[in-house]
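A.B. asks: There's a structure below that I have some questions on.
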Amino acid sequence: MTPLPAKQTLKLILLPMLATFATQRLYLHLAGVQHVRTGGLVIHHLFFGVMMIIPAAFVLAFGPRNRTSAVLSRIVLGIGSAMVLDEMVYLIATQASDSDYVSSLSLKGALVFMGFGTLLLLGLYRWCRRSEV
């Protein structure tokens, strides 16, 4: 399979990442905090994000077999990355209560980590684009 161009890879990761972040935060502030629980434990979307990132990274590490897996692995990587980056400050720097999740610290921290993630992705794009020329 021919590798996807760097620009397409950038879009396939960045756009779902930004859309997922915006959707999560909008839903949170409009509908309130909702939890997924299993056995009495709260399963944060950070963990769902990790469970998406790992298989996507493995597919990308071994090289997708076809165009569909190449595209889907990048989309899933973007979605999972947003889920992880969104909750890092909330789970590390707060008491992880419902009110903490809608706090300005949680939002500002998530924006900072999303910014770092976006800058890293753009930097990698620029670096990979040079090698395509």
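The values are calculated or read from the model by the stated rules, or taken from the named source; none is laboratory data. Here the structure is a predicted model, which is why all the values come from computation and not from measurement. Because the Cβ atoms are built from the backbone with ideal geometry, glycine has one as well, and the counts that use them run over all protein chains shown. Please note that ligands, DNA and RNA were not included when accessible areas were found on the heavy atoms of the full protein model with its side chains. Shrake-Rupley method; radii C 1.70, N 1.55, O 1.52, S 1.80 Å.
A.B. asks: Quickly run through the range 52-99 and pick out the residues that are of a type in the set (D, E, K, R) and exposed (fewer than 15 other Cβ atoms within 10 Å of the Cβ).
C.D. replies: ARG65, ARG67, ASP98, listed by residue number.
To keep it simple, each residue is scored yes or no on (1) among the hydroxyl-bearing types (Ser, Thr, Tyr); (2) over 21 Å from TRP127 (Cα atoms); (3) modelled with pLDDT of 95 or more.
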residue: ARG25; (1), (2), (3): no, yes, no
residue: MET51; (1), (2), (3): no, yes, yes
residue: SER69; (1), (2), (3): yes, yes, yes
residue: GLY80; (1), (2), (3): no, yes, yes
residue: ASP100; (1), (2), (3): no, yes, no
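A.B. asks: Within the set of pairs 6 or more residues apart or between chains, which connect a residue that is aromatic (Phe, Trp, Tyr) inside the range 99-122 to a residue that is exposed (fewer than 15 other Cβ atoms within 10 Å of the Cβ) with Cβ atoms less than 8 Å apart?
C.D. replies: Pairs that qualify, where the first residue is aromatic (Phe, Trp, Tyr) and the partner is exposed (fewer than 15 other Cβ atoms within 10 Å of the Cβ), are TYR101/VAL33.
A.B. asks: Is there a residue being open to solvent by 40 Å² or more (accessible area, probe 1.4 Å), among the β-branched types (Val, Ile, Thr) and part of a helix (DSSP H, G or I) anywhere in the range 23-34?
C.D. replies: Checking the range 23-34: at least one residue is open to solvent by 40 Å² or more (accessible area, probe 1.4 Å), among the β-branched types (Val, Ile, Thr) and part of a helix (DSSP H, G or I).
A.B. asks: Which residues, taken from the range 33-63, are within 19 Å of LEU107 (Cβ to Cβ) and touching a residue at least 60 places away in the same chain (Cβ under 8 Å)?
C.D. replies: VAL33
A.B. asks: Next question. So, restricting to helices (runs of 4 or more DSSP H) that lie completely within the range 64-133, which ones have at least 3 residues that are of a type in the set (Phe, Trp, Tyr) and touching a Leu at 6+ places or on another chain (Cβ under 6 Å)?
C.D. replies: Counting at least 3 such residues, we get no helices (runs of 4 or more DSSP H) at all.
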